[in-house]
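Participant: Take a look at this one; I'll ask things after.
The values are calculated or read from the model by the stated rules, or taken from the named source; none is laboratory data. Keep in mind it's a predicted model, so treat the numbers as computed, not measured. Here the Cβ positions follow ideal geometry from the backbone for every residue, glycine too, while neighbour counts run over all protein chains shown. Remember, those area values only see protein heavy atoms, side chains included, never the ligands or the DNA or RNA. Shrake-Rupley method; radii C 1.70, N 1.55, O 1.52, S 1.80 Å.
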Amino acid sequence: GLVGSEMCIRDSIYMAGQVVHLTTRKELIEFIKSHAYVIVKTGATWCGPCRRIKSLVEKLIQIIPDNIYIVMVDADKGSDILSFLKWKSLPTFGNFIRGELQDIFVGADEEGINSLFNKTIQRTCVGI
């Protein structure tokens, strides 16, 4: 479960992350500049591990604070973003806090994905 979420409820009007789909590095750079808390997830329709974690990711998005944005990047449509980030594996998750990449998780391990979402929530709470 999400341990950090209890502390943050007061900062959030409702619990649900906001999802956007981006394809170019220019879009991503602009988005990260203008939003303090962003989780980027890269995946692809043909990626088996990505499909396996789809429902987990959807569940996590529903329970994170609404000041966290989720940027979904399809590897085929968003290859510009993948080469910009230098992320080679799918799925990869990374959080950008005030424009800086802080934590990365590569793979489909549920614990690792939960942990990345938790770290992001904690960073919004303590403001680091």
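Participant: Give me the residue from the range 79-101 that is out of contact with any Asp or Glu (no Cβ under 9 Å at 6 or more places or on another chain) and among the small types (G, A, S) and, out of that set, least open to solvent (accessible area, probe 1.4 Å).
Facilitator: Step by step, filter the range 79-101, then rank; the result is G99.
Participant: Another question, if that's okay. Quick one: in the range 37-78, of everything that is surrounded by fewer than 16 Cβ atoms within 10 Å (Cβ to Cβ) and among the hydrophobic types (A, V, I, L, M, F, W, C), which residue is farthest from N95 (Cα to Cα)?
Facilitator: Residue satisfying both the conditions and the ranking: W46.
Participant: Please specify each residue of the range 72-96 satisfying the condition of being among the acidic types (D, E) and either touching a strand residue (DSSP E or B) at 6+ places or on another chain (Cβ under 6 Å) or not in a strand (DSSP E or B) (or both).
Facilitator: The answer is D76, D80.
Participant: On to the next question. If you check G107 against the conditions, is it touching a residue at least 12 places away in the same chain (Cβ under 8 Å), buried (at least 20 other Cβ atoms within 10 Å of the Cβ) and farther than 19 Å from A16 by Cα?
Facilitator: No; evaluated as a whole, the condition is false for this residue.
Participant: Right, next: Could you look through the range 70-105, keep only residues that are more than 12 Å from the chain's Cα centre (by Cα) and among the hydrophobic types (A, V, I, L, M, F, W, C), and pick out the one that is farthest from S34 (Cα to Cα)?
Facilitator: Per the criteria, the residue is L90.
Participant: Next question. Hey, any hits in the range 59-71 for a residue that's at pLDDT 95 or above and part of a loop (DSSP other than H, G, I, E, B)?
Facilitator: No: zero hits.
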